[in-house]
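No value in this document is a laboratory result; all are computed from the given coordinates. Computed from a prediction, not measured in an experiment: that's the story for all the values here. Neighbour counts run over all protein chains shown; Cβ positions are idealised from the backbone, glycine included.
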Amino acid sequence: MLGGKALSSGSEKRSGLSEMKKKQGPPAQFITTQFNSILGWARKYSLFQYPFITACCGMEYMSAACAHFDLDRFGAGWTRFSPRQADMLLVVGTVTQKLAPVLRTVYEQMTDPKWVVAFGTCTVSGGIYDNYAVVQGIDLVIPVDVYIPGCPPRPETVLDGLLKLQEKIQHQEQEWRWKKRKP
Amino acid sequence: MEEKKTLDLLKQTFPAVVKEASTNLGDDVVIIDREGLLGLANFLINKPHEYTMLLDLTCVDFLGQKPRFEMVYHLFSLPQNKRLRIKARLEENDLRIASLTSLWKNADWLEREVFDMFGVNFEGHPDLRRIFMYDCFEGHPLRKDYPLRKRQPCIKFRE
């Protein structure tokens, strides 16, 4: 209850939140915030990944996912080969113009909540392939949460990117089923 | 001495087709008229030469020169352990050459690649359509006059 007290006194100072406080009241707000935080904690440590691997970065992904560097330490061990079961879309390797519709379909088939990681320079910006065939960054096709640079990125960079994504998930506003959606 | 023999034989058998014959770094090179390609290839694939392998088939764009395109065929003879190159020049406004799919099966995809990248028409090809680029793509990207930064997105991009 101590946390709730600190939270309500903090929100009183902000003028924007005082309106919300009148409507919801402190206990409701406390529950929502705590639930949000618990959901964030649960979601960031149970990332089911869909590896969308098209090129040489896949080798680096394998070494990052296997025993030496072990993505499973951070709760991202499960590889799901169906987008419907995945939370994290790992786009690893060059995405060509011909492949762009496939990538978009895979992203749209994933169920919420979902996050996208651009793995390697090619997915971030097209990399060395500044030509007619390659999409110059996958953020032209789908929204991206974390960019991991490198050609290919070292496994440490990948782990750092994963930690950054976990931090983002913990602090973002969570969506859940019975919550009122924003219009 | 062996390579001399093949080239001499080719010159004797196809005097109207073979324009130039030489040996470059141990490989035979024949520059021919495009109309005689199929007959020449049919001659080379059979005994005694047995160039039974089509290693590669590609095209070169000499932008600015008069016959602009040049088809290059790389053949390999397993019994002789020898390579042979056939070259044929093509005019820009009349880009067509006989298909070799009747002699070598792998010519199918190689010719589709050349059609996709350069726009050369292969007469007698069973299924001449793009192999690398998507169907809505316009132009031929490996031609020297294709704009360097021209993009043709397949789907509508965000933003």
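Just a few scattered comments:
- Antiparallel bridge percentage (DSSP; both residues within the protein assembly as shown; nearest 5): 50 percent
- Between the helical axis of B:107-118 and the longest alpha-carbon principal axis of chain B there is an angle of about 50 degrees.
- Partner chain coverage, peptide B:148-158 - average Cβ within 10 angstrom: 6
- Distant-in-sequence amide H partners of A:Val141 (H built 1.01 Å from N, under 5 Å): B:Arg158
- Hydrodynamic analysis of chain B uses the Kirkwood radius over alpha carbon pairs. Inserted into Stokes-Einstein at 20 °C and 1.002 mPa s, it gives a translational diffusion coefficient of 127 µm²/s.
- Ordering B:Ala107, A:Ser37, A:Ala133 by Cα displacement along the dipole of the protein assembly as shown toward the positive end leaves A:Ser37 in first place; charges were set at the Cβ atoms of Lys, Arg (+1) and Asp, Glu (-1).
- Chain B - percent relative contact order, Cα under 8 Å, separation 6 or more: 16 percent
- Counting neighbouring Cβ atoms within 10 Å and putting the fewest first, the residues B:Phe62, B:Phe43 line up as B:Phe62, B:Phe43.
- The helix-only estimate of mean residue ellipticity at 222 nm for chain B, built from DSSP H runs of length n ≥ 4 each weighted as -39500 (n - 2.57), is -6500 deg cm²/dmol after division by the residue total.
- Pairwise label distance in nanometres, B:Arg130 with A:Ile38, each label 7 Å out on the Cα-Cβ vector: 5.3 nm
- DSSP finds beta bridges in the range B:1-135, and of those with both partners inside it, around 75 percent are antiparallel.
- Debye, to nearest 20: dipole size of the protein assembly as shown, +1 on Lys, Arg Cβ, -1 on Asp, Glu Cβ: 1820 debye
- Crossing angle, helix B:2-13 versus chain B [Cα axis fit, 0-90 degrees, rounded to tens]: 80 degrees
- Comparing A:Pro152, A:Thr121, A:Thr79 along the charge dipole axis of the range A:64-183, the residue lying farthest to the positive side is A:Thr79, per the Cβ-charge model.
- Here the range B:2-94 is treated with +1 on each Lys and Arg Cβ and -1 on each Asp and Glu Cβ, and its dipole about the Cα centre works out to around 220 debye.
- Relative contact order [Cα under 8 Å, 6+ residues apart], the range A:81-183, whole percent: 24 percent
- Fluctuation leader among B:Phe118, B:Phe69, B:Phe132 - chain B, Gaussian network, Cα springs under 10 angstrom: B:Phe132
- A crude spin-label estimate for the pair B:Asp33 and B:Glu70, with each label 7 Å from Cα along the Cβ direction, gives 2.0 nm.
- Theoretical FRET efficiency, 1/(1+(r/R0)^6), r = Cβ-Cβ of A:Phe81 and B:Glu123, R0 56 Å, to 0.05: 0.80
- Using Cβ point charges alone (K and R +1, D and E -1), the dipole size of chain B about the Cα centre works out to roughly 340 debye.
- The H on the amide N of B:Lys19, modeled in the peptide plane, is under 5 Å from the matching H of B:Ile31, B:Ile32, B:Asp33, each at least 5 residues off or on a different chain.
- Over 19 Å apart at the Cα level, from the set A:Lys44/A:Lys168; B:Lys47/B:Lys87; A:Lys98/B:Lys105; A:Lys98/B:Lys156; B:Lys19/B:Lys66, are B:Lys47/B:Lys87; A:Lys98/B:Lys105.
- In straight-distance terms, cross-link reach from B:Lys5 covers every one of the aspartates and glutamates whose alpha-carbon lies under 18 Å from its own, apart from those fewer than eight places away in the same chain; here that gives B:Glu20, B:Asp27, B:Asp28, B:Glu50.
- Here the simple spin-label model places points 7 Å from the Cα toward Cβ, and for B:Leu78 and B:Thr58 these points are separated by 2.5 nm.
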